[in-house]
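Trainee: Structure below; questions to follow.
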Amino acid sequence: MKHIRSRDNPGFKRLRALADDAREQRRQGLSLLDGSHLVAAYRDKVGMPECLVLSERGSAQAEIIALQARFSGTESWLVSDSLFAELSGVATPSGILALIRIPAAPETWAGRASCVLLDALQDAGNVGSILRSAAAAGIRDVFLGKGCAGAWTPRVLRAAQGAHFDLAIREQADLVQVVENYSGSVIAATPHDAAPLYSLDLAGELAWLFGNEGAGLSPELLARARLRAAIPMAPGSESLNVAAAAAVCLFEEVRQKRF
């Protein structure tokens, strides 16, 4: 096991650059997974990481020792607890990280199955939660437009809880082009000039559009939506958080198609 004790170490510097920089992640095609759950999910659904990174405290934990045994032949680095905390960025570091190669989405897309398009969603928790809901609803293709939080940043990964590995995620997507090439129905989640969600026929293939937390969907995307859906709420209620709204919409599609 390689020991790293200095932040001047070239390997540590490389990890630190990836820790929360979406542009650097896209440039290198690499990211960091934090915690046993995400590391195990990647192993089960994608394959071996580039390397494992353990803190001194984490290397003595029974759960991490057992997990590390599943990565025979994978390079492992041991770093001091203080350096590990810089990489982890959470109040209580997990003790294990994995440097992974970001899974590539298929180059071609038929444009027929249901999918999710996110328009400038800036909150990492919202993006991660929507990815988790999409995977749970059986939707595979997710498109993140410009202005979205980076899909492979730590907060998004934590919020999605492994959903990334069941999805084909395309970042920096031209959402207008995606909807123009889509063969199913394009549906916008919006409270403006919209029909109640539960009155709509959602039995076909759908491209769901979810917009920015404050500004909503861009006019260009709204203009291309054949359907507009609003979630009925109690009088006087504020609009739902976009992640909660997405979950309601996606599982109404599931309900109609299954039942």
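No lab work stands behind these numbers, since they all come straight from the coordinates. Note that this is a predicted model, so its numbers are computed, not measured. Ideal geometry is used to build each Cβ from the backbone, glycine not excepted, and the neighbour counts take in all protein chains shown.
Trainee: Restricting the calculation to Cα positions, tell me the Rg (one decimal) and the Dmax (whole number) of the range 106-259 in Å.
Mentor: Rg then Dmax for the range 106-259, in Å: 14.2, 46.
Trainee: Tell me the Kirkwood radius of the range 90-135: reciprocal of the mean inverse pair distance over distinct alpha-carbon atoms, in Å.
Mentor: When all Cα pairs of the range 90-135 are included, the Kirkwood radius is 14.1 Å.
Trainee: What is the sum of charges, Lys and Arg at +1 and Asp and Glu at -1, for the other residues whose Cβ falls under 13 Å from the Cβ of Ile96?
Mentor: Net charge in that neighbourhood comes out at -1.
Trainee: Here is a further query. Subtracting the Cα-Cα distance from 0.36 nm times the residue separation, let me have the gained length for Ser72 to Glu205 in nm, one decimal.
Mentor: Difference between extended and current length: 43.6 nm.
Trainee: Among the lysines, select those whose C-alpha is under 16 Å from the C-alpha of Lys13, and discard any that sit fewer than 8 residues away in the same chain.
Mentor: Partners found: Lys2.
Trainee: Just to be sure I understand the curve: with the Debye formula and one point per C-alpha of the range 1-88, what is log10 I(q)/I(0) at q = 0.17 Å⁻¹?
Mentor: One equal scatterer on each Cα of the range 1-88 leads to -0.72.
Trainee: Further question on the same structure: Considering the chain as a Gaussian network with a 10 Å cut-off on Cα pairs, which listed residue, Ser94, Ser129, Ser237, attains the greatest mean-square fluctuation?
Mentor: Of Ser94, Ser129, Ser237, the Gaussian network model singles out Ser237 as fluctuating most.
Trainee: Give the residues of the range 99-134 whose amide nitrogen is closer than 20 Å to a point set 7 Å from the Cα of Ser183 in the direction of its Cβ.
Mentor: Residues 106-117 fall inside that zone.
Trainee: Something else now. For Glu50, what charge total do you get from the other residues with a beta carbon under 9 Å from its beta carbon, if Lys and Arg give +1 and Asp and Glu give -1?
Mentor: So the surrounding residues net to 0.
Trainee: Right, another one. Sequence gap at least 6, Cα distance under 8 Å: using those rules, report the relative contact order of the chain to the nearest whole percent.
Mentor: Averaging sequence separation for qualifying contacts and normalising by length gives 19 percent for the chain.
Trainee: So how much slack lies between Asp174 and Arg57, counting 0.36 nm per residue of separation and subtracting their Cα-Cα distance, in nm?
Mentor: Value of the extension gain: 37.7 nm.
Trainee: If each of Gln28 and Tyr198 carries a label point 7 Å out from its Cα toward its Cβ, how far apart are those two points in nm?
Mentor: Between Gln28 and Tyr198, the label points sit 4.9 nm apart.
Trainee: Using only helices, what value at 222 nm comes out for the chain when you add -39,500 (n - 2.57) per DSSP H run of length 4 or more and divide by the total residues, to the nearest 500 deg cm²/dmol?
Mentor: That calculation yields -9500 deg cm²/dmol at 222 nm.
Trainee: What net charge do the residues around Ala17 carry, taking every other residue with its C-beta under 14 Å from that of Ala17, with Lys and Arg at +1 and Asp and Glu at -1?
Mentor: With Lys, Arg at +1 and Asp, Glu at -1, the net is +2.
Trainee: Here's a follow-up. Along its principal axes, what span do the Cα atoms of the range 29-69 show, with the longest given first and each in whole Å?
Mentor: Result for the range 29-69: principal-axis Cα extents of 29, 18, 14 Å.
Trainee: With the alpha-carbon atoms as the only input, what is the per residue convex hull volume for the chain in Å³?
Mentor: Each residue corresponds to 145 Å³ of Cα convex hull volume.
Trainee: Among DSSP bridges having both ends in the range 2-101, what percentage is antiparallel? Round to the nearest 5.
Mentor: Counting only bridges with both partners in the range 2-101, antiparallel ones make up about 55 percent.
Trainee: Val90 to Asp21: FRET efficiency via 1/(1 + (r/R0)^6), r the Cβ-Cβ distance, R0 22 Å, to the nearest 0.05?
Mentor: Working: r = 17 Å, r/R0 = 0.77.
E between Val90 and Asp21, to the nearest 0.05, is 0.85.
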